[in-house]
1. Is it possible to state the helix-based mean residue ellipticity at 222 nm for the chain, with each DSSP H run of 4+ residues giving -39500 (n - 2.57), the sum divided by total residues, to the nearest 500 deg cm²/dmol? What is it?
2. Please list the equivalent ellipsoid semi-axes of region 77-117, computed as the square roots of five times the alpha-carbon gyration tensor eigenvalues, in descending order and whole angstrom.
3. Relative contact order for region 13-172: what is it in percent, counting Cα pairs under 8 Å that are at least 6 residues apart?
4. Over all directions, how big on average is the projection of the convex hull of the alpha-carbon atoms in region 10-109, in square nanometres?
5. Please find the FRET efficiency linking LYS79 to LYS126, where r is the Cβ-Cβ separation and R0 is fixed at 22 Å, and quote it to the nearest 0.05.
6. Can you put ILE84, ILE169 in order of Cβ neighbours within 10 angstrom, beginning with the fewest?
7. A 24 angstrom limit on the alpha carbon distance is what I want to check against. Which of LYS44/LYS134; LYS106/LYS126; LYS44/LYS106; LYS79/LYS106 exceed it?
8. Subtract the Cα-Cα distance of GLU136 and TYR116 from 0.36 nm times their separation in residues, and report this length gain in nm to one decimal.
Amino acid sequence: MSGKKTNLILNDFAAIDFETANQHGSSVCAVGVVVVRNGEIADKFYRLIQPEPNYYNYWNTQCHGLTVKDTDEALVFSKVWKEIEPLIEGLPLVAHNSRFDEGCLKRVFRTYQMDYPDYEFHCTLKASRKAFPKLENHQLHTVSRHCGYEMRKHHEALDDAYACAIIAIELFVQAIPPSNYKLEF
């Protein structure tokens, strides 16, 4: 697998994934970010976050394995976002099922009374359905495997963001030709 599979061209972007503690979209308890520049992974970021509201429900913990013990001493979202902001400045964001991650981001910004900068989001789930219609399903781990990356821990925010970045590279990155062509005879 290699090369762009959609009409959208993104050589620079940040893949992002949130995990939540409970049914509230604002309850982000972990974030993973993978920055891609010139079609290659350039940086990564992972933090646990003390969620708001600060409680975990059974099903969310079953999914990602995090509990209040993991995030009790973690920073709140507004402080973590100050670390993320410079990494993603000027970049479009991609997520697998971007409606979920964009929704979480908007809700947690509202919860912390932060001005939302109207980030540009693109969805690898939606794009993969068009690009790979014959896959058995379009879950993150299935599409990631199809694109050559076997996830190590699904529902761990950094691994999910990394898998999303691999998928987005496959779907959106256009090969960048070398700029120093020199024909010699």
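Every read-out reported here was derived from the displayed coordinates using simple, explicitly stated rules and does not represent laboratory data. What you are looking at is a predicted structure, and each value in this text was computed from that prediction instead of being measured. Cβ sites come from the backbone with ideal geometry, for glycine too, and all protein chains shown count toward neighbours.
1. It lands at -10500 deg cm²/dmol.
2. 16, 15, 8
3. Answer for region 13-172 is 28 percent.
4. With the hull built on Cα positions only, its mean projection is 6.1 nm².
5. Numbers: r = 32 Å, r/R0 = 1.45.
E(calc), rounded to 0.05, equals 0.10.
6. Result, fewest neighbours first: ILE84, ILE169.
7. Pairs exceeding 24 Å: LYS44/LYS134.
8. 3.5 nm
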